[in-house]
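Each remark here refers to the structure printed beneath this line.
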Amino acid sequence: MTRPVRRFAAALVASLAATPAAPAHAQGPRPDADPRIAALVAAVSQERLQATVTRLAGFGTRNTLSDTVSDTRGIGAARRWIFREFAAYSPRLQVSYDVHHVLRQGRITRDVDVVNVVAILPGKSARRVYVTGHYDTVNPRGTSAPGVNAAAPGAAPAGDPQMRADQDYDADAPGANDDGSGTALTMELARVFATSGLEFDATLVFVAWAGEEQGLIGSMAHAQAIAADKVVVEANLNNDIVGSSLGGNGAVDGESVRIYALGPEDSPHRALARYVARVASVYVPAHGIRLMAREDRFGRGSDHSSFTAFDFPAVVFREANENYARQHNSEDKVEGMDFRYLAQNTRVNAAAAASLALAPPAPRVTTDRGTVTLGRGTGGYDAALQWQPSPGAAGYRVYWRTAWGNDWERSVAVGNVTRFQLPNMSIDDWVFGVAAGGADGPASLVSAYVSPVRRMQAVKPRD
């Protein structure tokens with residue numbers, strides 16, 4: 001084994017081997033953490049997060065259809081401030097408005113420009129890792145008087161209140177948590193990554209979405225455009241309501257976060273969720289990751305779904321306990337936030353995004369025609385794995401679990417090869433995957449060998 005492969009094996013074991021989580025009382029990263037990633041995690045500033053959320057809430061409302069002329073109130077003032085902040089962080093960030101003119105439809109009750117604010121940190125490759133949150137807010141049943149709501153929190157509206165012709169788009173909707181928290185997280189990581197001095201393999205994209213509250217308008221337009229351009233997206237880490245530890249039922253949880261991921265078990269979205277959980281156990285071991293086997297909360301959604309619609313790997317982070325009385329109204333204020341908790345969720349995102357961006361791309365486990373490259377070996381009873389080489393990889397690690405299992409149970413480093421055989425392991429009884437790693441850095445996502453679906457055609461009996 002060559003020296004680079006030895007370094008790769010050690011790094012890969014540290015970043016992705018199925019090891020027990022550190023004790024809940026541990027605060028710092030584990031001793032086997034990559035110092036570059038640990039430094040990024042440590043650079044997250046709770047004070048800056050608080051200042052950003054406070055400023056966002058101070059615009060009064062960020063409704064997609066609110067004022068665009070004022071310099072102090074409304075979505076126009078908010079997006080111009082976000083743009084200036086991105087641009088001030090570092091000249092390395094390529095900052096732009098991603099503008100989509102949307103005609104009157106559904107909750108968009110008049111023609112409007114939906115404007116995402118995008119900051120791109122170019123990497124050595126064009127593949128992208130997204131960190132995102134939506135900056136728009138809504139208070140469809142509110143009035144413009146501070147603290148006043150036309151309907152009590154939780155009251156059932158008569159139809160969709162956002163379809164009302166007489167709604168006040170400039171009513172107070174401070175949106176400190178929904179989704180000032182996700183926007184502040186996104187902005188803070190743009191600052192931390194752009195000023196780190198690190199060169200990443202993947203291109204990092206930080207986006208503050210607009211139009212989420214009207215039906216994921218901004219993110220869907222963006223995802224559709226990059227899909228048409230055949231952009232390679234490694235991951236979308238979307239954050240929506242991640243800043244309060246106190247639920248509306250009085251429950252307090254400042255030590256965990258929920259991550260929702262669309263199935264089935266070996267979808268790219270579930271692979272991304274598992275990856276985040278493993279990385280978090282190394283760099284933020286005091287913060288629990290609660291993996292949720294559904295795309296989002298019951299009957300609700302967010303901008304990651306725009307990415308899953310085009311088969312881009314995506315998950316959404318949600319706080320452990322929500323307070324529905326502080327959502328979509330004038331009561332979503334800074335006073336309801338827990339900035340220590342938001343900082344922890346930001347650190348988890350930092351660890352995951354950095355690990356993905358520093359690692360090689362995940363191996364392809366299919367042919368160019370989409371055939372899964374998994375067989376039974378020459379003897380017929382072995383697991384014979386093949387994969388396509390990942391640019392920049394110094395070696396690979398093979399994973400497996402029982403076919404009824406939900407997460408990887410065993411793994412082995414196999415060196416810098418593109419095929420490997422596990423004797424006497426039936427591909428009918430086990431699920432297999434493979435990850436790539438660089439000579440001195442973290443590992444990629446695990447690419448699973450997904451069994452093709454066979455559907456038998458019904459045979460019509462003779463009369």
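The values are calculated or read from the model by the stated rules, or taken from the named source; none is laboratory data. All figures in this text were calculated on a predicted structure; none of them were measured in a lab. Here the Cβ is made from the backbone with ideal geometry for all residues, glycine too, and neighbour counts use every protein chain on show. Ligands, DNA and RNA are stripped out before the accessible areas are found, and what is left, the full protein with its side chains, is counted by its heavy atoms. Shrake-Rupley method; radii C 1.70, N 1.55, O 1.52, S 1.80 Å.
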key: Inter-residue pairs, beta-carbon under 6 Å, first touching a residue at least 60 places away in the same chain (Cβ under 8 Å) and among the hydroxyl-bearing types (Ser, Thr, Tyr) and in the stretch 300-316, second in a loop (DSSP other than H, G, I, E, B) and surrounded by 24 or more Cβ atoms within 10 Å (Cβ to Cβ), 6+ apart   = SER302/ASP240
query = Residues in the stretch 203-225: is at least one among the hydroxyl-bearing types (Ser, Thr, Tyr) and either surrounded by fewer than 17 Cβ atoms within 10 Å (Cβ to Cβ) or more than 16 Å from ASP178 (Cβ to Cβ) (or both)?
reply = yes
Any pair with Cβ under 7 angstrom, 6 or more apart, that starts in the stretch 121-136 at a residue that is open to solvent by less than 30 Å² (accessible area, probe 1.4 Å) and ends at one that is basic (Lys, Arg) and part of a loop (DSSP other than H, G, I, E, B) = LEU121/ARG92; TYR135/ARG62; ASP136/ARG62
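Here is a yes/no grid of residues against (1) of a type in the set (Ser, Thr, Tyr); (2) outside any helix (DSSP H, G or I); (3) modelled with pLDDT under 95:
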{"position": "ASP71", "(1), (2), (3)": "no, yes, no"}
{"position": "ALA78", "(1), (2), (3)": "no, no, no"}
{"position": "ARG92", "(1), (2), (3)": "no, yes, no"}
{"position": "ARG110", "(1), (2), (3)": "no, yes, yes"}
{"position": "VAL115", "(1), (2), (3)": "no, yes, no"}
request  = Would you be able to tell me the number of residues in the stretch 231-279 that are in a strand (DSSP E or B) and closer than 27 Å to SER447 by Cα?
outcome  = 12
request  = Please identify the pairs in which a residue from the stretch 14-43 that is at pLDDT below 95 has its Cβ atom under 8 Å from the Cβ atom of a residue that is among the basic types (Lys, Arg) and open to solvent by less than 80 Å² (accessible area, probe 1.4 Å), counting only partners at least 6 apart or on another chain.
outcome  = ALA14/ARG30; SER15/ARG278; LEU16/ARG278; LEU16/ARG397; ALA17/ARG397; ALA18/ARG278; ALA22/ARG30
ask   = How many of the residues in the stretch 389-427 are open to solvent by 60 Å² or more (accessible area, probe 1.4 Å), in a strand (DSSP E or B) and under 26 Å from ARG127 (Cα atoms)?
value = 1
ask   = Scanning the stretch 303-334 for residues that are of a type in the set (A, V, I, L, M) and more than 15 Å from GLY133 (Cβ to Cβ), which turns out least open to solvent (accessible area, probe 1.4 Å)?
value = ALA320
ask   = Exactly one of (1) over 18 Å from the mean Cα position of the chain (by Cα); (2) open to solvent by 20 Å² or more (accessible area, probe 1.4 Å); (3) within 16 Å of GLN94 (Cα to Cα) is unmet by ARG191. Its number?
value = (1)
message = Residue pairs, Cβ under 7 Å, 6 or more apart or interchain, first in the stretch 191-215 and assigned to a strand (DSSP E or B), second of a type in the set (D, E, K, R) and open to solvent by less than 40 Å² (accessible area, probe 1.4 Å). List them.
response = THR203/ARG127; TRP209/ASP303
ask   = Is it the case that GLY74 is open to solvent by 10 Å² or more (accessible area, probe 1.4 Å) and over 26 Å from the mean Cα position of the chain (by Cα)?
value = no
ask   = Do we have any residue at all in the stretch 333-356 that's in a loop (DSSP other than H, G, I, E, B) and free of Cβ contacts under 8 Å to residues at least 12 places away in the same chain?
value = no
request  = Identify all residues within the stretch 106-135 that are touching a Gly at 6+ places or on another chain (Cβ under 9 Å) and hydroxyl-bearing (Ser, Thr, Tyr); write none if there are none.
outcome  = SER125, THR132, TYR135
query = Do you know which of the residues in the stretch 34-54 that are touching a Gly at 6+ places or on another chain (Cβ under 9 Å) and small (Gly, Ala, Ser) is least open to solvent (accessible area, probe 1.4 Å)?
reply = ALA38
Among the residues listed as GLY106, GLY142, GLY147, the single one being of a type in the set (Gly, Ala, Ser), at pLDDT below 95, farther than 30 Å from PHE193 by Cα and open to solvent by less than 30 Å² (accessible area, probe 1.4 Å) = GLY142
query = Which residues, counting only those in the stretch 284-301, are open to solvent by less than 30 Å² (accessible area, probe 1.4 Å), under 20 Å from PRO313 (Cβ atoms) and in contact with a Ser or Thr (Cβ under 8 Å, 6 or more places away or on another chain)?
reply = ASP296
inquiry  = Any residue at all in the stretch 357-373 that's farther than 30 Å from GLN162 by Cα, touching a helix residue (DSSP H, G or I) at 6+ places or on another chain (Cβ under 9 Å) and open to solvent by less than 20 Å² (accessible area, probe 1.4 Å)?
reply    = yes
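Okay, residues lined up against (1) in contact (Cβ under 8 Å) with a residue 12 or more places away in the chain; (2) out of contact with any Phe, Trp or Tyr (no Cβ under 8 Å at 6 or more places or on another chain):
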position	(1), (2)
ARG48	yes, yes
SER70	no, yes
ARG79	yes, no
HIS100	yes, yes
ILE108	yes, yes
query = Is there a residue being of a type in the set (Phe, Trp, Tyr) and more than 30 Å from PRO361 (Cβ to Cβ) anywhere in the stretch 167-190?
reply = yes
